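Chemist: This is the structure I want to talk about, given as structure tokens.
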Amino acid sequence: MLNKPALYLPAKVAHPPTVNEFGSKIEISGYQGVKDAKGNVALRSFKDVYGMNLTLEQGWMGQTLFQDRGGPYVDQATYTDRGTTEVEVGSDYDSVTRAGTVYHELTHVLLGDFGRSASKGVHGAPGVDDATDAAQQEAEKNAKEH
Ligand SMILES: [Zn+2]
């Protein structure tokens, strides 16, 4: 069983997301939903799953970490250990790319309803790939024009 830190905000309330920019070497802690042999999904830390925390390296432009609302958890979805839903954006990219990444990730937040419906906000769920692509392209187009 995962030994989670106490949340500093009530888990049942949807908090506004935070948007953070991180350099490619910065370690981001958090959790991932992992399905066991019986089909139950539990949270495991990135360090437990991957042997390291998340970093936005190797072309990884951003990541959404949903608020941990106490489950049910979604296989492969990522969750924050800091209370509020987080949008992490790699800072090693130009402003157009970063604008696109922010809107791509915020689309995950909206579709997943801040973690209340994370299953509807992850890649592979119906409409998510198209919606995140469209948001990213629109934001990049707007960023180029202004
Ligand atoms: Zn995405």
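Chemist: List nothing, just return the count: lysine pairs in the chain, 8 or more apart or interchain, with Cα separation under 28 Å.
Modeler: 18
Chemist: Compute the distance in nm between two label points, each set 7 Å from the Cα along the Cα-to-Cβ direction, one at residue 29 and one at residue 49.
Modeler: For residue 29 paired with residue 49, the spin-label model returns 1.7 nm.
Chemist: Under a point spin-label approximation (7 Å from Cα along Cα-to-Cβ), what is the residue 117-residue 20 distance to one decimal in nm?
Modeler: 2.7 nm
Chemist: Then there's this: Roughly speaking, what is the stretch gain from residue 96 to residue 42, that is 0.36 nm per residue apart minus the C-alpha to C-alpha distance, in nm to one decimal?
Modeler: My answer for the length gained is 15.8 nm.
Chemist: Could I ask something else about it? Using only helices, what value at 222 nm comes out for the chain when you add -39,500 (n - 2.57) per DSSP H run of length 4 or more and divide by the total residues, to the nearest 500 deg cm²/dmol? Could the numbers behind the result be given before it?
Modeler: Values: 3 runs with 40 residues, N = 146.
So the calculated ellipticity at 222 nm is -8500 deg cm²/dmol.
Chemist: Given points 7 Å out from each Cα along the Cα-Cβ axis, report the residue 75 to residue 138 separation in nanometres with one decimal.
Modeler: 3.2 nm
Chemist: Quick one: give the max-minus-min coordinate of the C-alpha atoms of the chain along each principal axis, largest first, in Å.
Modeler: Largest first, the chain extends 49, 32, 30 Å along its Cα principal axes.
Chemist: So what's the net charge close to residue 18: Lys and Arg +1, Asp and Glu -1, counting the other residues with Cβ under 10 Å from its Cβ?
Modeler: Residues close to residue 18 contribute a combined charge of -1.
Chemist: Cα axis of helix 95-111 to longest principal axis of the chain: angle in degrees, 0 to 90, nearest 10?
Modeler: Helix 95-111 sits at roughly 40 degrees to that axis.
Chemist: Right, something else. Determine the relative contact order of segment 4-118: mean sequence separation of Cα pairs under 8 Å and six or more apart, normalised by residue count, in whole percent.
Modeler: RCO, segment 4-118: 33 percent.
No lab work stands behind these numbers, since they all come straight from the coordinates. The shown structure was predicted, so the numbers you read here are calculated from the model rather than taken from an experiment. All Cβ positions, glycine included, derive from the backbone under ideal geometry; neighbour counts span all protein chains shown.
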